[in-house]
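Written out below as structure tokens is the structure these notes cover.
The values are calculated or read from the model by the stated rules, or taken from the named source; none is laboratory data. Note that the structure is a prediction, hence the values are computed from the model and not measured. Here the Cβ positions follow ideal geometry from the backbone for every residue, glycine too, while neighbour counts run over all protein chains shown. For accessibility, only protein heavy atoms count, side chains too; no ligands or nucleic acids. Shrake-Rupley method; radii C 1.70, N 1.55, O 1.52, S 1.80 Å.
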Protein chains: 4
Amino acid sequence: MEPLQTAIVDAGPTYLRVRGYDVLELMQQATFTDMIFLLHHTRPPTPAERRLVDAILIGSADHGPGAPSCAAARLAASGNRQSPSAAIAAGVLTIGDEHGGAGSTCMELIASGLERCRTNGTTHAQEAAALVDAARSNKTRLPGLGHRVHSVVDPRVGVLFNLARDNGLAGDGIAFARALEAAMAERIKPIPLNIDGALAAILHDLGFPPMVGKLMFIVSRVAGISAEVLEEYTREKPMRIKLPVAYDGAPPRQNGTQQHDRRSEHGEQ
Amino acid sequence: MEPLQTAIVDAGPTYLRVRGYDVLELMQQATFTDMIFLLHHTRPPTPAERRLVDAILIGSADHGPGAPSCAAARLAASGNRQSPSAAIAAGVLTIGDEHGGAGSTCMELIASGLERCRTNGTTHAQEAAALVDAARSNKTRLPGLGHRVHSVVDPRVGVLFNLARDNGLAGDGIAFARALEAAMAERIKPIPLNIDGALAAILHDLGFPPMVGKLMFIVSRVAGISAEVLEEYTREKPMRIKLPVAYDGAPPRQNGTQQHDRRSEHGEQ
Amino acid sequence: MEPLQTAIVDAGPTYLRVRGYDVLELMQQATFTDMIFLLHHTRPPTPAERRLVDAILIGSADHGPGAPSCAAARLAASGNRQSPSAAIAAGVLTIGDEHGGAGSTCMELIASGLERCRTNGTTHAQEAAALVDAARSNKTRLPGLGHRVHSVVDPRVGVLFNLARDNGLAGDGIAFARALEAAMAERIKPIPLNIDGALAAILHDLGFPPMVGKLMFIVSRVAGISAEVLEEYTREKPMRIKLPVAYDGAPPRQNGTQQHDRRSEHGEQ
Amino acid sequence: MEPLQTAIVDAGPTYLRVRGYDVLELMQQATFTDMIFLLHHTRPPTPAERRLVDAILIGSADHGPGAPSCAAARLAASGNRQSPSAAIAAGVLTIGDEHGGAGSTCMELIASGLERCRTNGTTHAQEAAALVDAARSNKTRLPGLGHRVHSVVDPRVGVLFNLARDNGLAGDGIAFARALEAAMAERIKPIPLNIDGALAAILHDLGFPPMVGKLMFIVSRVAGISAEVLEEYTREKPMRIKLPVAYDGAPPRQNGTQQHDRRSEHGEQ
């Protein structure tokens, strides 16, 4: 088969480099956050960028066993004690546009909103209002707003945006995210920015493509999932989690496997 | 927490029913294919429906270790011998719109094409031509056409369509799939229907929603992935699969972690 | 790289064979259960074998959304609506020795127990008693016994064993499983055989290696997981499942990141 | 259901704490590596501990697309473009005792070897020799030794052990790992310590339980898998990876599904 081309890692018997940087040197001088940045970019971060990415990774790492990612990982650890990898993967699989991954769709929203400002000569407020109105008429949710625990304000958002400002990295992404939040409050109801929205605004300002919104959340959350799996293995017995169930389907009926025909279908459905 | 509502399984200490049918009776009289149909529908299949679903499930079950689903499962079995579940799950995860799951997007295409025929009073050929032309101008691929091994004709397609006809179940779905294949041959080049396209046409004619296209492929392919994992555990040593790699990224460079600043970025990228 | 060797599938542009059998013919004449048997064996099943494998696959397919496999799949479907494969894989990952996969460890137990009977010239009852006593003194659980819903009797067990007897396939595996159940009742307390234990006994009598106990459960349960995922996508909103959580860890404390030293660790833990 | 007890995260509408530490403060002052340590321990690391954990996480993060974890993730990204989570999870699932997870089994080996030294009053060299001899007679491999790319010496090992020494954290774990390597060279052949063995020695000296060996590798490698998935989505077309296959099974034969009986089995197998 043709070799897999890559611009990330170059490895040989005596060397290991990531994007041209010697991993042995990085091991002695850099932080894991530098490595994460380097892997997803083409260079290590500046100190200001490192501070922001650390804050994002710390803020997203864990939100307790009730979050779908951690709950699924614990269910897998509860039924399958043979492989911590399996439990962690089960947790990762719950991460999508609806849980944790809204950073990506929010980055797309921010990028397209800012593009329209440039093209149309409009303000952030005008384009944010248009997006809020479109979401209302399409009955869709805007990504990056609202949290089922932090319902009044997600305290991580202010911390992230202050860090961006203090480090001289607050840009159009943050401004547009705040415009979205304000337009939502004015035109529908107050739904505060959440960690996904803040992460999206900052990663946009750092120049990452939208997919990195979801990827950074996953890289971060795996640290928390891993700790939850360790606790489940260590403190709990297998098969202990029992979710309550209520059946609301068809009543008991005679087995019709053999004699079934298409007509009877209409009566049953 | 609120109980999980379901209309599928009702289980208690002395009974187990699926959609109202006694599982103990099904175990004695039905086939696994009946159960698969019942789980995804509201009743067991008729004999004609059972024949078609069996053919679909048999035809999709395995295509050898080179298919992404089986290759990924073998890689996982090669590195992680602790959990066959982990290897099977790795295989399942490769199944998407691009591999195995095109049945779903093809079912959507068929449903929308037929809807346009009804709305516009057009023929299958006219709407199929419009879809082919749109795919060409958008530079997208039409799902359900083309196979990297069965490049001239996928022999499973004819078998499935003949079975549908002989069992009196060939409907608009099959007709529209053939119209798509013909329009493709006339307007671009001959790219034959593949198993996903045939599966999509038949599941459409059986009344399933588009998502079932992907689900049936997964249910089927898991049987093959499982057998591939069994063979990997049984016949092969761990860590034996080595894919060739070629690095084409940045050349070796001095570690710039500490002294990096934003200016230097432009020179580097 | 070296080619992946396989004895399962042979595929070329115009043909597709599984263990030498033409898949096109199988699609027209066989059942999916035949294919599952063939993939994990070297030939299709006899009618009697097919009946037993169908019963196993039907009996294990689904036990409702409270089972870890289905609950984890629903959590993934709740947070990640982009990929049904991801949700199904999350469900598969919960299957291990503790959930659904006990068939494999039970097959090992049966095989080793029968081996000792042959070597030592002992009866099933004697070796079963020894295993029960060993489990008690090691404080381990015997696989294949006990079910959290079917706590008095798992009704699927009698159905499976009657089918085996009626089809002339009841062998030493079933006899030894019943001996284990009896020894448990006499020496500790009545804990009935469950579906995993019955499946293990029968698959042993059919000549499969222990790993197939887990694999058959997975192949079967994927059908149920798939249906549960379809229901979750169709009937439910994203992010609706909220598991209750209680924190019992360290109280709030001053951030000690920077000033932490090794001495303070002892006071804190 | 009963609430899930946890000692890791305490979250409420206005606060979020990990092991009692305010996450908002950590976001401003700590590094992601501090958070990873805190999640798997009960306190943040000292500066010396942080340096070692950073080096471990950097050194394990990526080894190119040929590693099973990255190859499987790329296969999943190649077939399923709908969910980066699915691709990352596929990569995680390849991590087991044979790939990346040997840190855990190596930590168990080190802990039990050191325990025997204490109990028996023997030297590291004596117990290491006993372990090497036992592995030879059982024909098992010792975890933490050997690397298919870094076959003469894994250069990351020296870096890690020097960092441990320079930071005053080199302990019995490192000493025993070096004793194992020496015993292997003397008694069988030189197989150098690899990154898993070095990671195991250091995590042992930092006081972590063996399971953390595998977990730290996963947390680290997810960063690399994520970057490989980003590159696959960005640079490559779907379905591009084709592994070569060679069939060595049964020749083509007549379909025997229906007429098969048990006698014919013996002739075929």
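Across segment A:65-124, the relative contact order, built from alpha-carbon pairs under 8 Å that are at least six residues apart, equals 24 percent.
Once C binds B, the 1.4 Å probe can no longer reach about 6700 Å² of accessible area, counting both sides.
Take every Cα pair under 8 Å whose residues are at least 6 apart in sequence, average their separation, divide by the length of chain B, and the relative contact order is 24 percent. Considering only D:ARG50, D:ARG156, D:ARG165, the mean-square fluctuation computed in a Gaussian network model of chain D, springs between alpha carbons under 10 angstrom, is largest for D:ARG165.
With r as the distance between the Cβ atoms of A:ASP133 and B:THR123 and R0 = 60 Å, compute the FRET efficiency 1/(1 + (r/R0)^6) and round to 0.05. Efficiency at R0 = 60 Å is approximately 0.90.
Rounded to a whole number, what % of the accessible area of the protein assembly as shown do carbon and sulfur atoms account for, probe 1.4 Å?
In the protein assembly as shown, the share of accessible area belonging to carbon and sulfur is 52 percent.
The phi torsions of segment B:168-184, fed into the Karplus equation with coefficients 6.51, -1.76 and 1.60 and a -60° offset, translate into couplings of x, 10, 6, x, 4, x, 5, 4, 5, 4, 5, 5, 4, 4, 5, 5, 4 Hz, rounded to whole numbers, with Gly and Pro shown as x. For segment C:86-114, a reduction of at least 10 Å² in accessible area between the chain on its own and the assembled protein chains (probe 1.4 Å) is found at C:ALA86, C:ILE88, C:ALA89, C:ALA90, C:VAL92, C:LEU93, C:THR94, C:ILE95, C:GLY96, C:ASP97, C:GLU98, C:HIS99.
The mean number of Cβ atoms from other chains found within 10 Å of a Cβ in peptide D:204-210 is 1, as a whole number. D:ALA134 sits among other residues whose Cβ lies under 13 Å from its own Cβ, and their net charge, with Lys and Arg +1 and Asp and Glu -1, is +3.
Label-point distances for B:ASN167 to the equivalent site in the other copies, using a point 7 angstrom along Cα→C-beta, read 2.1, 6.0, 6.4 nm when ranked shortest first.
In this structure the amide hydrogen of D:GLN5, modeled in the peptide plane, comes within under 5 Å of the amide hydrogens of C:ALA246, none closer than 5 places in sequence on its chain. Averaged over peptide A:143-156, the number of partner chain Cβ atoms lying within 10 Å of each residue's Cβ comes to 3. Note on A:PHE161: accessible area is roughly 20 Å² with a 1.4 Å probe, heavy atoms of protein only. With a sphere of radius 14 Å drawn around the Cβ of A:LEU93, what net charge do the other residues whose Cβ falls strictly inside it have (Lys, Arg +1; Asp, Glu -1)? Local net charge: +2. Ranked from largest to smallest solvent-accessible area, with a 1.4 Å probe on the protein heavy atoms, A:HIS99, A:HIS147 come out as A:HIS147, A:HIS99. Accessible surface calculations at 1.4 Å, restricted to protein heavy atoms, place chain B at 34 Å² per residue.
Per-residue ellipticity at 222 nm, computed for the protein assembly as shown from helices alone with -39500 (n - 2.57) per DSSP H run of at least four residues, works out to -18500 deg cm²/dmol. Each residue of segment D:108-117 was assigned a 3J(HN,Hα) from its phi angle through the Karplus curve 6.51 cos²θ - 1.76 cosθ + 1.60 (θ = phi - 60°); the sequence is 5, 4, 4, 4, 6, x, 5, 4, 5, 4 Hz, with glycine and proline shown as x. The GNM of chain A, with springs linking C-alpha atoms under 10 angstrom apart, assigns the highest mean-square fluctuation among A:CYS70, A:CYS106, A:CYS117 to A:CYS117.
Checking the cross-link pairs B:LYS242/D:LYS242; C:LYS214/D:LYS242; B:LYS189/B:LYS214; A:LYS214/A:LYS242; C:LYS139/D:LYS139; C:LYS214/C:LYS242 against a 19 Å limit on the alpha carbon distance flags C:LYS214/D:LYS242; B:LYS189/B:LYS214; A:LYS214/A:LYS242; C:LYS139/D:LYS139; C:LYS214/C:LYS242 as lying beyond it. When chain B is treated as a GNM with alpha-carbon contacts under 10 Å, the residue of B:GLN29, B:GLN254, B:GLN126 showing the greatest mean-square fluctuation is B:GLN254. In the assembly of identical copies, D:SER112 has its label point, taken 7 Å from Cα in the direction of the beta carbon, separated from the corresponding points by 1.5, 5.7, 5.9 nm (ascending, one decimal). Across identical copies of the chain, C:ARG148 has label-point separations of 2.0, 3.9, 4.2 nm, listed in ascending order, with the point defined 7 angstrom from Cα along Cα→Cβ.
Look at the stretch B:39-47: the mean tally of other chain Cβ atoms within 10 Å of its residues' Cβ atoms is 6. Counting charges near C:THR6 (Lys, Arg +1; Asp, Glu -1) among other residues having Cβ under 12 Å from its Cβ returns a value of -3. From the alpha carbon centroid of segment D:59-115 to that of segment A:195-233 is 19 Å.
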